[in-house]
Amino acid sequence: MSSVASSSSASDIVTVPTPRSPSLSPRAASPTPTTPAVTTCAPSHKRRSSSSSARRMTSSNPLSTTTSLASIESGIQAASLDQLRGYAQNHYAEVHQEHETEYLDQTMASGYQILREPQWNKGLAFTPDQRINNNLTGLIPHTIESYQTQCARAMKMIQSRPTPIDKYLYLSSLKAENIDLFYRVVMDNIRELMPLVYTPTIGDVCLQYSSLYTRPEALYISIKQRKSIRTMLRNWPCKKPEICVVTDGSRILGLGDLGINGVGISIGKLALYTAAAGIDPSKTLPIVLDCGTNNETNLQDPLYLGLRQRRVPVDVQQEFMDEFMDAVKDVFPEMLVQFEDFETEKAFNYLDRYRNTHRCFNDDVQGTGAVVLGGYIGAVENSGVPLEEQRLVFMGAGSAGVGVAKQLMEYYTRRGLTEQEARDKFWLVDTKGLVTHDRGDRLAEHKKYFARTDNHERQFRTLEEVIEYVKPSALVGLTATFGCFTEPTIRALKASVDAGGAGRRPILFPLSNPLTKAECTFEQAIEWTDGQAIFASGSPFSPITKNTGAESGPVTYLPNQGNNVYVFPGLGLGAILAKATRVTDEMVYTGADALSKSLTADELHAGLIYPRIERVREASLVVAREVMKAARRDGVSDLPEEQWVEWEEWGDVALMSYIKSQVYDPVSFADAKGRL
Ligand SMILES: NC(=O)C1=CN([C@@H]2O[C@H](COP(=O)(O)OP(=O)(O)OC[C@H]3O[C@@H](n4cnc5c(N)ncnc54)[C@H](O)[C@@H]3O)[C@@H](O)[C@H]2O)C=CC1
Ligand SMILES: CC(=O)C(=O)O
Ligand SMILES: [Mg+2]
């Protein structure tokens, strides 16, 4: 096939990357400007009119001129737009002719194309009219099914799969075939399915991503292509993505450096932006930046998809990140960027570096900080240990540990403590023991703020020693180390809380992901605290029912899931809907506060500190509403003044009703929102 460089109506154009060959798949043949190359970027439902997409699909242009022009434009600064358009038309005419015969075969089968487009496919929910008008008759079984029936089939298939990875793969192919059905199934069965599309299963998926790979689902940007970042962004079929989750794969959950395989976390988090906050899946963009990997298993794996080299030096990664962020600002100026699972120093550096110049936030530092604060507020109430008496030991002083400690500190200062008084409530422990200024090692920059100075030169090397010394009321784990909350440590925590008075309960948050990295299990927490622990873990545990010998019968203990999934979807949605030019600390703090207030009476009565996971979407919308208001307070909302004045007059009900009108909800396939 001809390449751009060899084609010649614009002979001066030599730097243009070769456009993709005109694949004859129905997807590539679709003429809509935003034709997706990947399932996560389907054209927006809301933008779709009731005019027949199928009819448009039979148009004779095999490629999206708009899309391709954009990618060409990105590579050529000097050429005029007219030159380019002329060039592109000639180029596509050539390509089209070359494949005309096959192409016509494809376009005759428009119904077939519809069934192959995940955002158009309605499975067996097409009405008789839709079947006739779009040449679908005979291509699917005659029966018409509601989405409930289709969901039931999907659930049956998922449940019949033997392993979580098999179940994940089924779900992943469902997403690639029928995106509405995928989200309907996930939303309606979130307790059962979130652990598959997110932690813990997504951890295993990331570990095996290169072996499991069947189709592209993200933007894969390698440092070797750093001069073409704009072109790659423009190659993404959605012209105005609203949210991107970007990782460099360097610290995926608690699993370490997974290189390009870490892209699974970007995909998983974005699935939750849709399921848990209703962000249109077509507006989400997963990205992995491939800077190499120090993971020997990956480097030795013949199937590994990333750069087969060790990570480039940190300063070079930083330059690459600068280039990426500049390109994002140019190509998608309104897109919110979520930094995910960057290793510690980069997590802090990138947040500091871009937070005042770009629309961005770091989920592990800020999202986790907010989610733990959201749960901690309720936990303190349930613990019987007054706020002023709380003393917190953090095992793990990395991006999440320090991010959480800072967010909790903010809570204390807002309640009248001085900065020093608030800071004094926290004792951080890392692999070397209690973090102190005089420990004798060179403390990483991010640890200095919480390093203790009041230890009178004593050093505490183990968690047991720290608990004995501090007598904490709360123990938070963010170490990525399975089992490091041992029986003696948990019993010592309980003893120190008991010593304060009867009826007091310890707060125990083993927050590391996935389950194989949890600092302790729920069963251990219950066992070693005689059922007293107020428990939240990063990945989900099941409730435990125990026969305690009480006359009232067996007791069921409910765990909480303290995972940033309760914050990032709402924070992102709020920032997007407010058109926030920055994500401010006030927005993050307000998100935490809103989360803490989003529990129902029933949830409070059950002793929970987070909403039940079935209500994560409701909670996210509340978080989004409050985040929007915080953006307005901070003066970073780009919405028209009159819009805010109206909402302020009508109150939260009006704002919530606006939010609900904006979110994606695959409610019904039967009428499919007039899509076909
Ligand atoms: N529940 C949630 O929503 C979230 C959970 N996490 C989890 O937190 C964990 C840590 O994440 P990051 O802070 O980003 O990692 P990080 O690498 O920045 O920090 C890990 C910290 O743990 C310390 N550590 C490791 N092993 C230890 C041990 N045996 N004893 C004492 N300290 C030890 C390290 O010295 C370091 O300070 C991961 O497993 C991650 O999945 C992270 C973000 C959100
Ligand atoms: C939940 C999350 O962001 C993490 O474990 O890194
Ligand atoms: Mg993370």
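The values are calculated or read from the model by the stated rules, or taken from the named source; none is laboratory data. Computed from a predicted structure; not experimentally measured. Note that each Cβ is placed from the backbone with ideal geometry, even for glycine, and that neighbours are counted across all protein chains shown. Surface accessibility is based on the protein's heavy atoms, side chains included, excluding ligands, DNA and RNA. Shrake-Rupley method; radii C 1.70, N 1.55, O 1.52, S 1.80 Å.
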- Task: Sum up the charges of everything whose Cβ sits under 15 Å from the Cβ of Asp498, counting Lys and Arg as +1 and Asp and Glu as -1, but leave Asp498 out.
- Result: +3
- Message: Cross-link candidates for Lys122: which aspartates and glutamates have Cα within less than 19 Å, leaving aside residues fewer than 8 places away along the same chain?
- Response: Glu145, Glu177, Asp180, Asp188, Asp280, Asp665, Asp671
- Task: Would you mind putting 189-202, 263-276 in packing order, based on average other-beta-carbon counts within 10 Å, highest first?
- Result: 263-276, 189-202
- Charge context of Gly262, other residues only, Cβ under 9 angstrom, K/R +1, D/E -1: -3
- Message: Just to confirm my numbers, what's the Cα centroid distance between region 111-147 and region 456-511 in Å?
- Response: 58
- Note on the structure: Going residue by residue through region 535-550, the Karplus relation 6.51 cos²θ - 1.76 cosθ + 1.60 with θ = phi - 60° gives ³J(HN,Hα) values, rounded to whole Hz and with x marking Gly or Pro, of 10, 9, 10, x, 9, x, 10, 8, x, 10, 10, 10, 8, 8, x, 5
- GluC sites (Glu not before Pro), restricted to region 507-555: which are DSSP loop and have at most 13 other Cβ atoms within 10 Å? Glu551
- Ordering Glu217, Glu388 from largest to smallest accessible area (1.4 angstrom probe), what's the sequence? Glu388, Glu217
- Query: In debye to the nearest 20, how big a dipole does region 361-444 give about its Cα centre with +1 on each Lys and Arg Cβ and -1 on each Asp and Glu Cβ?
  - Reply: 100
- Taking the Cα centre of region 553-676 as the origin, how large is its charge dipole in debye, to the nearest 20, when only Lys and Arg (+1) and Asp and Glu (-1) carry charge on their Cβ atoms? 420
- Message: Loop only by DSSP, 14 or fewer other Cβ within 10 Å of the Cβ. Give me the GluC sites (Glu not before Pro) in region 438-508 that pass, ordered by residue number.
- Response: Glu457
- Task: List the residues of region 451-495 whose backbone N lies under 14 Å from a point placed 7 Å from the Cα of Asp438 along the Cα-to-Cβ direction.
- Result: 452-460
- How far apart, in nm, are the 7 Å Cα→Cβ label points at Lys471 and Glu345? 4.0
- Item | Most to least packed among 487-495, 287-295 [average Cβ atoms within 10 Å] | 287-295, 487-495
- For Lys517, list the lysines whose Cα falls under 20 Å from its own Cα; do not include residues on the same chain fewer than 8 positions away. Lys269, Lys432
- Message: Applying a 10 Å radius around every beta-carbon, put 434-443, 248-257 in order of their mean neighbour count, most first.
- Response: 248-257, 434-443
- In Å², nearest 10: area of Val663 left accessible to a 1.4 Å probe: 20
- Query: Around Leu373, with a cut-off of 11 angstrom between Cβ atoms, what is the net charge of the other residues, counting Lys and Arg +1 and Asp and Glu -1?
  - Reply: 0
- Determine the dipole magnitude for region 410-462: charges of +1 sit on the beta-carbon of Lys and Arg, -1 on that of Asp and Glu, nothing else is charged, the reference point is the Cα centre, and the result goes in debye to the nearest 20. 140
- Message: Greater than 25 Å separation of Cα atoms is the criterion. Which listed pairs, Lys329/Lys448; Lys346/Lys447; Lys406/Lys471, meet it?
- Response: Lys329/Lys448
- Mind checking which lysines have their Cα closer than 17 Å to the Cα of Lys156? Skip sequence neighbours fewer than 8 apart in that chain. Lys167, Lys175
- Accessible surface of region 210-342, 1.4 Å probe, proportion on carbon and sulfur as whole %: 52
